[in-house]
1. Is it the case that some residue within segment A:226-246 is within 12 Å of another protein chain (Cβ to nearest Cβ), assigned to a helix (DSSP H, G or I) and over 22 Å from A:A180 (Cβ atoms)?
2. Is there a residue being facing chain B (nearest Cβ under 9 Å) and modelled with pLDDT under 80 anywhere in segment A:43-54?
3. From the list B:F41, B:F30, B:F45, B:F13, which one is among the aromatic types (F, W, Y), surrounded by fewer than 20 Cβ atoms within 10 Å (Cβ to Cβ) and away from chain A (no Cβ under 12 Å)?
4. Kindly evaluate B:V261 against the criterion of being of a type in the set (V, I, T), over 29 Å from B:K162 (Cα atoms) and more than 7 Å from chain A (Cβ to nearest Cβ).
5. Where residues in segment B:267-283 are without any contact (Cβ under 8 Å) to a residue 24 or more places away in the chain and in a helix (DSSP H, G or I), which of them is farthest from the other protein chains (Cβ to nearest Cβ)?
6. Can you work out which of the residues in segment A:87-115 that are assigned to a loop (DSSP other than H, G, I, E, B), among the aliphatic types (A, V, I, L, M) and open to solvent by less than 30 Å² (accessible area, probe 1.4 Å) is modelled with the lowest pLDDT?
7. If you check B:L101 against the conditions, is it over 19 Å from B:P281 (Cβ atoms), modelled with pLDDT of 70 or more and surrounded by fewer than 19 Cβ atoms within 10 Å (Cβ to Cβ)?
Amino acid sequence: MDRKMLSVLGALVGVLIIFLLVAYVGPMVNESLNLGETAGLRFLFVGIGLLIAFGIYWATKSSPAWEVGTREVVYMSIGAALYAVLSYLFNGTVFAVPSLSQVALRPAVAIPMFFGYTFGPAVGFFTGAVGNMFGDAITGFGLSPQWSIGNGLIGMISGMAMLFSDKKKSMDIVMYISGAIAILGLALYLAFKDTPNMVFFDPAQNIFGDAPISLFAGISGLIGFVLVLAVRFGFAKNTEIAAAVLWGALGNFIGLGFAAISDIWINGFPPQAALVGEFLPSAGPNLIFAAILVPALVAAYASFRRQSGR
Amino acid sequence: MLVTWRYRPRKTFIQSFDPRAWLIFFICFFGSALMFWDVRFLVVFFGAALTLVLTSGVTWAESKRAWTFIGMFVLIYTTLTFLTGRGGMEVYQTEQLLARLEAPFNIFGWTPALDITLQRVFFAMAQLMRVWSIASLTILIPYTLNPALYGVTFRGLGMSDKIAYAMDLTMRFIPSFGRDFQLTLDAQRARGYEIENLKGGLVAQVRKMIPLIVPVTIHAMISSEDIIDAMDLRAFGVGPRTWLDELHYTRRDYVLIVFGVLMLVMAASLSLIGVGRFWVPAV
């Protein structure tokens, strides 16, 4: 088993080294080499994302949370398929749900959070990564594998709640980290208010990710975090719901943060464009969706388990 | 319970290959096409994709929804980038004006005008060819890949038994959940639920998603119990798994794989030495 893992790790490190060589040695061979528009860099970040996921797994591999049995295999596939179908339905082409103040309704993100939190990090990672991949494939996009890995991280981090025995204490730590990220996001927004919102498209209004970010989208990270806090203290007795939302919030920040930061190199975005124009308007609204939909899913699943006795 | 994608056996070029070989080729094609912005290179990919589609034996009647959707998407997207000139800024800095179309009227002192520049024309063409080549081959996959072979195909591509089976199930679940969503939506509509007419603030709108998302998710988990039982009864995951169908590479499969890998290596080398970037003819 250990040997197998070492070989996987070796392969990942190999991919990483090759791409680093291409990125750093390549320009010496050919000065005009700019990886911005080549596909290579995307896969480098896929490699880095997988390394992060693998590192977390490696550090905690003794935990039963990583066990994958029949049940987990089936939940992985259900989660991924649901995520794919939901992202397809709400990508703006099937249901034309109008966006409010540059925030489009994309409730699908609750799926990897719920599956990750309920069934563990392995199920969460598969749900997010494979679901996003298939969702892009059936929509006809599918040019950004680093966002699939980012979505995988959302599910995986949501599932890391299982790795800690002291639920309350880990929840508090997660709350402080997410709070710090939300405040950092707000500070970035205030510093770069004129950054275009790159995830907002509205062909009818001739807007293609270039309208200045709206106040609501800019502070949505903080609004989302306040909602998350409201859930955490509103359901203080029901630690399941509070923990699911808090871990989901952290996963959302880290997963999308990873994807947005990787776009600094992949698409050559300036850092403030990636963070304010891409990260805030995607991660903030996600938090709002998560704070409302994840508790509903957790509560519904709990009552299903009570009824069926499983 | 499971609805399948519209696969049927056909005696065609694509389906004469081992599905593993075809997927490897598809990934190589995908990666190669992404390396280029030069229309002269992209036209090769475009032509290849078009030939594959036309010889795939997938009829218009069975696939028209997919084609209309992707066709509209690609057309609207490229037309809009063309009209506005946005989107291409990553690959070109200067524009050469070919013609300027001005509307013969003006609205409150504003005359609608369209700048046609060489760069915009070629960027739109490149974008159309890139997206279309990749999207059309992606659409063909569910039509040409036998659902009974999903699992063994992914296993044959090097995934572990469990992951291969999870991928298999995911692909099988997607159409059934799509149908479940439609059924749930219809059922909720019969009760007066209107997804097209969501009112209220963002929080209120998200809350109105609950009657759609929660039933579908919970229903999926309830029905999965049968699948879990069936798999457990067949001792899933206890030992190395065997598959009902076996896949064997033939010579033509090796030829296809070698061709795909060579194409990818060549495309990557060309793009590393700077060939195949955005190109416009000298005027």
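The values are calculated or read from the model by the stated rules, or taken from the named source; none is laboratory data. Since the structure is predicted, the reported quantities are computational estimates derived from the model, not experimental observations. Cβ placement follows ideal geometry from the backbone for every residue including glycine, while neighbour counts extend to all protein chains displayed. Accessible surface is based on the protein model in full, side chains and every heavy atom, while ligands, DNA and RNA are left aside. Shrake-Rupley method; radii C 1.70, N 1.55, O 1.52, S 1.80 Å.
1. Within segment A:226-246, none of the residues are within 12 Å of another protein chain (Cβ to nearest Cβ), assigned to a helix (DSSP H, G or I) and over 22 Å from A:A180 (Cβ atoms).
2. Yes; the residues of segment A:43-54 include at least one that is facing chain B (nearest Cβ under 9 Å) and modelled with pLDDT under 80.
3. B:F13
4. Answer is no for this residue.
5. Looking at the filtered set, the residue picked out is B:S269.
6. Selected residue: A:V97.
7. yes
Quick grid of which residues meet (1) over 18 Å from A:I183 (Cβ atoms); (2) at pLDDT 90 or above; (3) surrounded by 23 or more Cβ atoms within 10 Å (Cβ to Cβ); (4) within 14 Å of another protein chain (Cβ to nearest Cβ):
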site: A:F253; (1), (2), (3), (4): no, yes, yes, no
site: A:A259; (1), (2), (3), (4): yes, no, yes, no
site: A:P285; (1), (2), (3), (4): no, no, yes, yes
site: A:A291; (1), (2), (3), (4): no, yes, yes, yes
site: A:A296; (1), (2), (3), (4): yes, yes, no, yes
